[in-house]
1. Does at least one position in region A:209-223 carry a residue that is modelled with pLDDT of 95 or more, over 20 Å from residue A:329 (Cβ atoms) and not in a strand (DSSP E or B)?
2. When you go through A:273, A:340 one by one, which is the residue that is surrounded by 15 or more Cβ atoms within 10 Å (Cβ to Cβ), under 25 Å from residue A:192 (Cα atoms) and touching a residue at least 40 places away in the same chain (Cβ under 8 Å)?
3. Which numbered condition trips up residue A:59, out of (1) within 14 Å of chain B (Cβ to nearest Cβ); (2) surrounded by fewer than 22 Cβ atoms within 10 Å (Cβ to Cβ); (3) free of Cβ contacts under 8 Å to residues at least 24 places away in the same chain; (4) more than 30 Å from residue A:284 (Cβ to Cβ)?
4. Quick one: which residue in A:99, A:131, A:182 is out of contact with any helix residue (DSSP H, G or I) (no Cβ under 6 Å at 6 or more places or on another chain), assigned to a loop (DSSP other than H, G, I, E, B) and over 30 Å from residue A:279 (Cα atoms)?
5. Does residue A:289 fit the bill of being assigned to a strand (DSSP E or B) and modelled with pLDDT of 85 or more?
6. In this structure, does residue A:111 turn out to be within 12 Å of another protein chain (Cβ to nearest Cβ), more than 24 Å from the chain's Cα centre (by Cα) and more than 27 Å from residue A:325 (Cβ to Cβ)?
7. Can you give me the number of residues within region B:227-257 that are over 13 Å from the mean Cα position of the chain (by Cα) and either surrounded by fewer than 19 Cβ atoms within 10 Å (Cβ to Cβ) or under 23 Å from residue B:178 (Cα atoms) (or both)?
8. Just checking, does region A:257-270 include any residue being touching a strand residue (DSSP E or B) at 6+ places or on another chain (Cβ under 7 Å), modelled with pLDDT of 95 or more and within 21 Å of residue A:144 (Cβ to Cβ)?
């Protein structure tokens, strides 16, 4: 009887094993290779690798995710005795990494630092500060796609014991004091948290009891600050060896993770798992370039995405100084505004919707900025139907105009109101004039000299699109800001 | 020497536990430390080193029969500073252990001065001895010589910057010993004779003598070094180091001479010098260039 039961258990375990292909990366070495991080467009893979007993950050670049050679990041980042475990925002401009005995002062032991990409190089290193770091070991950062929530591991007292997972959010005043996530943590070591770009799908490693042995990968999800009870990822992701750093690849069925299982090149190696059993929600990647409309030069500019349904500013990022590229991850099913600002240029604003999708896809939105001195831009201001009262959702854009006017005190502008083709010409002309006046009134109330602002109502006389579709009419209903040349 | 060894092993114990890293708060498990050190990524360094010795000479002097206030008593000890320079080769086998070798041109210099009594013979205007007594005089000596040092060390890395070296040092003679001796009379009525055959006419109050002798013996010592690397860039570092060299072999064989500096007033005495040695405390700066294998 006993023998039959044993066979039944073995059979049950076998049928529960997932059919996942585990393949080591070509970049693995005889030393430790771990903490994989794949950036926007999947064109750069950052890893942490051991070299002569020290850990350094490396990057591999490829157009087709065929990772071959590694380049070590510069000394600005890699000046510590140990450096690595990186998280980068989707725009590729801001990095959080961990370092032990870095040249930049810390609070004791391993700390978290930030870096910015300037002219293609990671530099401008700063310690994340006392809200995040402690005199203890603080490492393994991961950051949400909007750059606003940071997760990391720390062995400071106050958790459940040993190393625990902590969370902090970014406000205008800076990072909030990090707090442990009780439901995820255990009395053992809980390391390498990772949040996927959908800001919900969560993974981490732990050597708590009840796993396959050593450190195992655990899956969870988070929504509105509530975390699901973590589940062991099971075999073949987990083995009796150690598994860490489970990284979910956006809009794909693959993941990377680190393991020191037998059969690798030695020590920790990075593996690719296909399919990833812990699928994230589909996300939409909005990518584009910011360029000078006249010269075509690539520009680094501040790009701001706002959810128009909630009014929440989803992300503020900067397009790359060298190639002008920006990237932001958005959740389908909402309406958004996109603005781009740069000193010396007229800002750009537009709105767009992202339909629900199960697949995830990329949207391309290239932005052309016009140098100050001439040009026009469409303003993201909203009015109720047949009214000229500004909706509250217009306030961010109106504030943007106020800042722009204050930064350029010699400029004068013309606010031009337009309507679609429905209704009486004279009525539309009057409505468009009144809408332009509403915008002027807001600006004057916020300190802009009214002699710098002209208003014109064009009604339906200057459409952008001549079609009579709802989309065309929506485009035609607008208020534009036009720079009045100095002469 | 015992104190230095104790400090060395205490530091070794403190620093040899696994260092934390960005993945694990307690670092890599000890069992994996040597297994995973990558030969593909092994590192060696070459470079230059310059520094200064603080030399500490000593010998045990015995007079038979005992002779008090001999001017030679000052030669019981001596100290001095001298420079050295050389090249080095450094290689790490694992994260903690490695090998270090130095080849140096090492100058040794030390001396001392002190007072004692010597026979003083005074002469009248006719050149006849008028008085014999003891007079106070000063004896000063300086010895200079050089070696070619070959130093072979086991290296221990406490951290990636802080290291220690321990091992044998071989001192190969590279010059003669030059001894500069100065004797000064502190008694206005007593003088030294430049020509003992014509003492009355060759009186001087200060007598300088230079003696050159063979530096015969290759010496073996033990060296202990503590150093710290300051990286200028990824592959170049400056490493100030503090060394102590304890010589296991004597500077010279035991020597016996006749001390007749007070023979006229007291007696001649047999002076034996034993345990003749010179140890060295050194401070140096090395300029090192890391040469690593690729990943």
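The values are calculated or read from the model by the stated rules, or taken from the named source; none is laboratory data. Since we're looking at a predicted model, the values are computed, not measured. Positions of Cβ are backbone-derived with ideal geometry, glycine not excepted, and every protein chain shown enters the neighbour counts.
1. yes
2. Result: A:273 is the single residue among A:273, A:340 that is surrounded by 15 or more Cβ atoms within 10 Å (Cβ to Cβ), under 25 Å from residue A:192 (Cα atoms) and touching a residue at least 40 places away in the same chain (Cβ under 8 Å).
3. (4)
4. A:131
5. Spelling it out, residue A:289 is indeed assigned to a strand (DSSP E or B) and modelled with pLDDT of 85 or more.
6. no
7. Residues flagged as over 13 Å from the mean Cα position of the chain (by Cα) and either surrounded by fewer than 19 Cβ atoms within 10 Å (Cβ to Cβ) or under 23 Å from residue B:178 (Cα atoms) (or both) within region B:227-257 amount to 17.
8. Looking for residues that are touching a strand residue (DSSP E or B) at 6+ places or on another chain (Cβ under 7 Å), modelled with pLDDT of 95 or more and within 21 Å of residue A:144 (Cβ to Cβ), one finds at least one in region A:257-270, hence yes.
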